[in-house]
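What follows is a short report on a single structure.
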Amino acid sequence: MRALLVVLALVLSACSSGGGSGKTTIVFWDNNGGPGRTPIYEELIKRFEAANPDIDVEYVGIPSSSVQQKYDTAIAGGSTPDVGGVTTSYLAHLVGQEALVALDDRVEGSALKGKLLPSLVETVRQTAPDGKLYSVPSSGNMDVIWYRTDWFTQAGITPPKTWDELVAAAQRLTDPAANRYGYTIRGGAGSVFQLLTEAYSYSGVAEFFSGGKSTVGDARNAELVGKIAALYKKATPEADVNNSYTQMVAQFTGGSVGMMHHNLGSYGDVTKALGDRVAALPLPVGPSGKRTVVPNPTDGFAVFKNSENQDAAWKFVEFLTSKESNSYWNEKVGQIPANTEVRDAAWIASNQPVKMALGVLEDPATVTVPAPVYLPQYSSITKTDSEPQYQKVLLGELTPQAFLDEMASKLTAAQKEWEERR
Amino acid sequence: MRTKRWAPYALIAPTLLLMAVFLVYPIASVVHYSLQRYNVTQPWKNGFIGLENFRVMLTEDPLFWQSLVFSAKWVVVEVGLQLLLGLVLALIVNETFIGRGLARAMVFSPWAVSGVLTTGIWILLYNPSTGIFQQLAEWGIGSPGTSVLGDPATVFPATVVTELWRGVPFFAILLLADLQSIPNDLYEAAAVDGAGRWRRFISVTLPHLKDAIILSTLLRAVWEFNNVDLIYTLTGGGPANQTTTLPLYVARKAVDSHDFGYGSALTVAGFVILLFFSILYLRLSKFGSRA
């Protein structure tokens, strides 16, 4: 009986992959295509095709800034890829449009079973309303403070452990006449996402919602926003109010800024420009001393429902997240490997930022506070609505508390709607 | 007899077809979406909602009014200054002098640069640590690290100057072409009658340019109202929505928030406003009535 089933499965899979005649072609969308990452995927695809001569992978690199729009258009037009890179920041959005295949069973029946970092798997599951796994996590990311080791040595100060120390260090390192600023604020596109991770790391508030109400407006969160806003123009460049990622990193790598809050994703950019004059710190803690981390969006691979070659697509996903590929990929981009078998790889020991981030994530005292990226309105509330408001805070036109309260009430309403729908 | 009846229709059919495809259909579809709740992040809520989008827009959305006021200010300042400077440049390069060909080429060249590239150039010029203001600070004028695009007090003039750089040549080209069609005898006759330079400009040049000025200001006003590329890439509408025009707000709502229904309603509002002002402007200025 069992043998019969296996034979049947083989026949079926042979049929689905083009009847065995010729090659199967699958399309893969890289959600963060560019000179940094494209060559890494090209190498991995070459290895995959060598191991699977009957499958051709067509690589399409899409800039991260427009990828969500590209997916929307593709879903509307029925032209989705077979496999796509997705992060949890828009995973819920894709799941909501019923574009993806749940991969729980596939993972269970593969070599990946039990090999994926539980915290990342959990982050992916929390994103979907039904708690299923719609993407196989490949990399973990964490918010860090990149800092200039040489500036700190010169000034004779130690890297900050608390936000108050960071504020003091920022002021200490600032010298506008020499075009030197202690810190840089992301005031433009992407600002609020970062600001919330800063606020929660300071306040130690362990939940995004308490009794259905958003905790964003917590007075301790507002305190932190006030501290950061007070640095604007005093210990940061004036241009910061418009800073998106590109400008922010350009200031840091250009040598006019001493500390920058971003995540491991900028590892390549900052180490290429500054070499060993840069290192990473975890986000500082607040007066409570508790370490609360708002997890960064988790990168992973999804299989699209429209794919006619889901078996081949899965094979590729499995390959990309296997020990060897996952190690290769994360070493190149400097992120936390999702495959736990990679933990003992030699490169991790010599990579300060990744080692530091792993240490924080493994520390039992660390509390993770997942942001409600599953809310359909999350991006609209935190980006379109709130980013200009944060600029008002920086310019002194709005108080931190009023700013956070407005955002909190919108999040509370969205959460309520989501609960009701669920 | 029979051919006569359908022949005219057959002849205008291609025009009507093109208008239907490129004008009627897009406009109708935007109007259609403006009456819907249509947001791809919440597809289960999509559907007909009547004038709800317009009610929210008119009564609950301060940013709509703010962006509208900014758009009006932007159009008036941009078109006014571009016309003035364009006219001055056109008059200068209409004179005969050595190197006129080169001067004309230089006057017109910014027009050939795309909005995004223009922004690229000016972002570098405005760069607080390497641009003109850093240079000025080194000479003792202003303070180092001045970011004109980050300061609410200077972001408007800085954006205006950038768009002026690109827009002035449009007026210069159009007005120069019209200047060259003014018969020289008119000036000679005026000179014989004792008219000075200024009098000749007021009584001969300006009346002749009237239609060109009306048409170019109208075209430019519509373009400036719809300007997205330059402002979006230069300031992103910021800081704190200080430079958000109505179309930029539409882009944010539709593209960033995926709220296509509301974005369509905003677009319809912009369309109606432009249509109304265009008709009013042409009526008041008696366009084409030069007898």
Margin query: Over the Cα atoms of the protein assembly as shown, each weighted equally, I'd like the Debye log10 I(q)/I(0) at q = 0.06 Å⁻¹, rounded to two decimals.
Written below: -0.45
Notebook entry, point to check: Regarding the range A:306-418, what is the average projected area of its C-alpha convex hull, in nm²?
Noted result: 11.6 nm²
Margin query: Using amide H atoms built in the peptide plane, which far-off residues or other-chain residues are under 5 Å from A:Ser307 H to H?
Written below: none
Notebook entry, point to check: To the nearest 20 debye, what is the magnitude of the charge dipole of chain B about its Cα centre, counting +1 on the Cβ of each Lys and Arg and -1 on the Cβ of each Asp and Glu?
Noted result: 1060 debye
Next item on the list: On a 0 to 90° scale, report how tilted helix A:310-320 is relative to the longest principal axis of chain A, with both axes built from alpha carbons and the result rounded to the nearest 10.
Entry: 50 degrees
Margin query: Report the Cα-based extents of chain B along its three principal axes, largest first, to the nearest Å.
Written below: 82, 76, 30
Note to self: Given an 8 Å cut-off on Cα distances and at least 6 residues of separation, report the relative contact order of chain A as a percent.
What the structure shows: 24 percent
Item checked: Whole-Hz couplings from phi, Karplus 6.51/-1.76/1.60, listed for the range A:289-297; x for Gly and Pro -> x, 6, 9, 10, 10, 7, x, 6, x
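Given only helices, namely DSSP H runs of n ≥ 4 each adding -39500 (n - 2.57), what is the per-residue ellipticity at 222 nm of chain B, to the nearest 500 deg cm²/dmol?
Details: 14 runs with 192 residues, N = 291.
One gets -21000 deg cm²/dmol as the mean residue ellipticity at 222 nm.
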Margin query: Principal axis extents for the range A:217-268, Cα atoms only, whole Å, descending order, please.
Written below: 36, 25, 18
Note to self: Of A:Ala413, A:Leu231, A:Thr88, which is farthest towards the positive pole of chain A's charge dipole, taken about the Cα centre with +1 and -1 on the beta-carbons of Lys, Arg and Asp, Glu respectively?
What the structure shows: A:Leu231
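What pairs in A:Lys115/A:Lys410; A:Lys227/B:Lys253; A:Lys383/A:Lys416 have C-alpha atoms more than 29 Å from each other? Numbers along the way, then the final one.
Working: A:Lys115/A:Lys410 38 Å; A:Lys227/B:Lys253 31 Å; A:Lys383/A:Lys416 20 Å.
Result: A:Lys115/A:Lys410; A:Lys227/B:Lys253 exceed 29 Å.
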Note to self: Which of rounded, prolate or oblate describes the range A:22-142 when judged by the alpha-carbon gyration tensor and an a/c cut-off of 1.5?
What the structure shows: rounded
Check: If you average 1/r over every pair of different alpha-carbon atoms in the range A:159-238 and take one over that average, what Kirkwood value in Å do you get?
Finding: 13.6 Å
Item checked: Per-residue average of Cβ from other chains inside 10 Å of A:166-173 -> 0
Checklist line | Computed over the range B:146-291, Kirkwood Rh from alpha-carbon pairs, angstrom | finding: 18.4 Å
Item checked: Cα-derived Rg over Rh, computed across the range B:29-155 with Rh taken as Kirkwood radius -> 1.16
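Kirkwood hydrodynamic radius of the range B:75-243 from all distinct Cα pairs, in Å? Each step should come with its number before you reach the end.
Values: mean 1/r = 0.0556 Å⁻¹.
So the Kirkwood estimate lands at 18.0 Å.
Viscosity 1.002 mPa s, temperature 20 °C: Stokes-Einstein D of the range B:121-197 from its Kirkwood Cα radius, in µm² per second? Don't skip to the answer; put the middle values down first.
Numbers: Rh = 16.0 Å.
It diffuses with D of about 134 µm²/s by this estimate.
Remind me, relative contact order of the range B:75-243 in percent, using alpha carbon pairs under 8 angstrom and six or more residues apart?
Numbers: 155 pairs, mean separation 57.9, N = 169.
Computed value for the range B:75-243: 34 percent relative contact order.
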Next item on the list: Just tell me which lysines come within less than 18 Å, Cα to Cα, of A:Lys113; anything on the same chain fewer than 8 places away is out.
Entry: A:Lys132, A:Lys315, A:Lys323
Notebook entry, point to check: Among A:44-55, A:192-203, B:226-237, how do they line up from the highest to the lowest mean number of other beta-carbon atoms within 10 Å?
Noted result: A:192-203, B:226-237, A:44-55
Checklist line | Relative packing of A:272-283, A:312-323, which averages over residues the other C-beta atoms within 10 Å, highest first | finding: A:312-323, A:272-283
Item checked: Given charges at Cβ of Lys, Arg, Asp, Glu: the range B:75-243 dipole, positive-most of B:Gly131, B:Gly145, B:Leu186 -> B:Leu186
Check: Pairing the Cα long axis of helix A:400-421 with the longest principal axis of chain A, what angle in degrees results, from 0 to 90 and rounded to the nearest 10?
Finding: 20 degrees
Checklist line | Principal-axis tilt of helix A:323-333 within chain A, Cα atoms, nearest 10 degrees | finding: 30 degrees
Notebook entry, point to check: Around A:Val136, with a cut-off of 13 angstrom between Cβ atoms, what is the net charge of the other residues, counting Lys and Arg +1 and Asp and Glu -1?
Noted result: +1
Note to self: Check which residues have an amide H placed less than 5 Å from B:Ala195's amide H, if you skip close sequence neighbours.
What the structure shows: none
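Based on the Kirkwood radius over alpha-carbon pairs, what value in µm²/s does the Stokes-Einstein equation return for the translational diffusion coefficient of chain A at 20 °C and 1.002 mPa s? Intermediate results must be reported in sequence, preceding the final value.
Working: Rh = 22.6 Å.
Stokes-Einstein gives a translational diffusion coefficient of 95 µm²/s.
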Item checked: Within 10 Å of each Cβ in B:144-151, the average number of Cβ atoms from other chains -> 6
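The numbers here are math on the coordinates, done by the rules we state, and not lab data. These numbers come from a predicted model, not from an experiment. Neighbour counts run over all protein chains shown; Cβ positions are idealised from the backbone, glycine included.
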